[in-house]
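Have a look at the structure below, then the notes.
Every read-out reported here was derived from the displayed coordinates using simple, explicitly stated rules and does not represent laboratory data. Fair warning: this is a prediction, and the values are worked out from it, not measured in the lab. In this analysis, Cβ positions are derived from the backbone assuming ideal geometry, glycine residues included, and neighbour counts consider all displayed protein chains.
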Amino acid sequence: MKKSIIITLLLFGVIGQAQNKKWTLLECVNYALENNISIKQSELDLDLADIAKKDAIGNFLPNLNANGDFGSNTGANINPATNQFENNTFESANGSISSGINIFNGLLNWKTLQRAKLNQIASQYSLDKMKDDTSLFVANSFLQILSNREQLRVLKGQNEVTKENIRNTQELVDAGVLPQGDLLEIQATNATQEQQIITAENTLFISKLGLAQTLQLKDYLNFDIADDDYTLVSADILDKTPSEIADKAKVEVNDVLIAQANLDLAEKDLQINRASYYPTLSGFVQYRTRWASTQFDPLTGEEIGFIDQLQIFDGTAVGLQLSVPIFNGFNVRNNVQRSKVAIERQKFQLEQTELDLESTVYQAYNDAKNSKKSYEAALKTEEARRLAFEYAKERYDVGLSNSFDFNQSRTAYENSQSDVVRTKYDYIFRLKILEFYFGLPITNLN
């Protein structure tokens, strides 16, 4: 009984720990990389590329085939053992084993193997891109939760100040210093703030729900991220020039790598199609034998046994087969032309990808600098609004200001606090994007 109680308590302890788990950004990214459906599908594409490579290797190996047949014949049929017509019933069997190997086919097998290797590389790049996109999405979702949570904290702090103002105003109203309308005005503000808190709580839950779904987690209600005090990340990346970041991105970001791999594949397809212009030469070797139930020795008249027939009528064949393409309705020529067009298309695609990446990096750099300015301006505005609010509060508390002016000052201060939160996390994400293009990990927020 005691043992059962201990086990039950341990079980509830484990469940409680699982429900109270706080996920860090690194844990979220790593878990998404292991469980995201799109990534798993890209991994399957890589598996197919590995299989295609094995197919290409198998083309170099000789084939080996065995054939056999058995039949019962009635009426006038050719006896396979004597090659003579016989008008009676007999059984017969034939068997053979053969092997063939490609000797020359315009280096088609070699070029196919090279293409399979290139396809492996392209599939790996595609998988890496999917992982990068997923990591960026998770990081953005994570930062959005942080922003929403801090917005909620700000709203609750503002509401605490409002509740304190209600108590102070009530005292001033009771003392006859302020009119009843001022109290009603602040109470209305309190009701509005409580509505804002409810909306902010719902927004926070939705952002958590979105990240939990991205991670393929089902316990939405208990999902939460770590309560660490996340500060601004290093802005050292802004010391780099946009051209430096763009040049590094062409090596680090998989978009350009994928475009280059697709160009390499198109060029290899051209070589493969050109191989069809060349003659093919293959070699073969075959061993065959046969048996018939009515086979007799012409000298003794005795029926020849099964094993003896297999030995008597066996034979081998060794040879070469040459095939020379002469005319095939311009099929090879047209395939070559299509490959040339595909190469030009991929060249343009590579050039366009590089241009798009440069444009994206320059835009991201400009966004990061502007978000820095916005955050710094928001901090200055918040400080100025705070001082103005404190002054307005002092005047209101002693009856030198009306509720309208006081509420105007408070609203301006509250808005400035929200702007600080919004611009802070926007700035962090802009910096992380630039670091991503420069090849730095996005999982570190401290």
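Taking the simple approach of a point 7 Å from Cα along Cα-to-Cβ for both Val154 and Glu91, what is their distance in nm?
9.3 nm
Would you mind computing Rg(Cα) / (2.2 N^0.38 Å) for segment 119-231, counting N as its residues?
1.70
Determine the dipole magnitude for the chain: charges of +1 sit on the beta-carbon of Lys and Arg, -1 on that of Asp and Glu, nothing else is charged, the reference point is the Cα centre, and the result goes in debye to the nearest 20.
Computed charge dipole of the chain: roughly 440 debye.
From zero outward in steps of 5 Å, how is the percent of C-alpha pairs of segment 168-274 spread across the bins?
Pair shares across the bins are 2, 8, 7, 7, 7, 8, 10, 10, 9, 8, 6, 4, 3, 3, 2, 2, 1, 1, 1, 0.
By average Cβ neighbour count within 10 Å, what is the ranking of 101-110, 250-259, 212-221 from highest down?
Order by mean packing, descending: 250-259, 101-110, 212-221.
Residue by residue through segment 197-209, what is 3J(HN,Hα) from phi via Karplus (6.51 cos²θ - 1.76 cosθ + 1.60, θ = phi - 60°)? Round to whole Hz and write x for glycine and proline.
The phi angles translate into 5, 4, 4, 5, 5, 5, 4, 5, 5, 4, 5, 5, 4 Hz.
Which of the peptides 59-68, 404-413 is most tightly packed, and how do the rest follow, going by the mean number of other Cβ atoms within 10 Å of each residue?
With the highest mean Cβ count within 10 Å placed first, the list reads 404-413, 59-68.
With a ≥ b ≥ c taken as the square roots of the eigenvalues of the C-alpha gyration tensor of segment 212-271, please select rounded if a/c is under 1.5 and otherwise prolate if a/b is larger than b/c or oblate if it is not?
It comes out oblate by the Cα gyration axes.
Taking N as the number of residues in segment 232-358, what is its alpha-carbon radius of gyration divided by 2.2 N^0.38 Å?
Computed over Cα atoms of segment 232-358, the ratio equals 2.33.
Can you figure out the FRET efficiency of Asn334 with Val285, using R₀ = 41 Å and their beta-carbon distance, to the nearest 0.05?
0.65
Would you mind calculating the relative contact order of segment 63-197 from Cα pairs under 8 angstrom and at least 6 residues apart, reporting the percent as a whole number?
Over segment 63-197, the number comes to 16 percent.
Once the Cα gyration tensor of segment 363-420 is found, what semi-axes does its equivalent ellipsoid get, as square roots of 5 times the eigenvalues, in whole Å, sorted largest first?
32, 9, 5
Specify, per residue and in Å³, the volume enclosed by the convex hull of the alpha carbon atoms belonging to segment 285-349.
206 Å³
Relative to 2.2 N^0.38 Å, what does the C-alpha radius of gyration of segment 332-433 come to as a ratio? Two decimals please.
That ratio works out to 2.12.
Taking amide H positions as placed in the peptide plane 1.01 Å from N, state which residues far from Thr294 in sequence (5 or more) or on other chains have amide H under 5 Å from it.
Answer set, sorted by chain and number: Glu91.
List the lysines whose alpha-carbon lies under 27 Å from that of Lys117, not counting same-chain residues fewer than 8 positions away?
Cα-Cα hits under 27 Å: Lys40, Lys53, Lys54, Lys129, Lys131, Lys248, Lys250, Lys268, Lys340, Lys347.
On a straight-distance basis, which lysines could pair with Lys156 in a cross-link, Cα separation under 28 angstrom, same-chain partners fewer than 8 positions away excluded?
Candidates past the 8-residue exclusion: Lys21, Lys22, Lys208, Lys372, Lys373, Lys380, Lys393, Lys424.
Would you mind listing how long segment 86-154 runs along its three principal axes, going by Cα atoms, in whole Å with the largest first?
Principal-axis extents of the Cα atoms in segment 86-154, largest first: 104, 39, 14 Å.
For the chain, set up a GNM with springs between Cα atoms under 10 Å and report which of Tyr287, Tyr396, Tyr375 has the largest fluctuation.
Taking springs between Cα atoms under 10 Å, the residue moving most is Tyr287.
Percentage of Cα-Cα pair distances in the chain greater than 43 Å, rounded to whole percent?
Pairs farther apart than 43 Å: 52 percent.
If you build a Gaussian network model of the chain, linking Cα atoms that sit under 10 Å apart, which residue out of Leu44, Leu127, Leu400 swings the most?
Ranking Leu44, Leu127, Leu400 by mean-square fluctuation puts Leu400 first.
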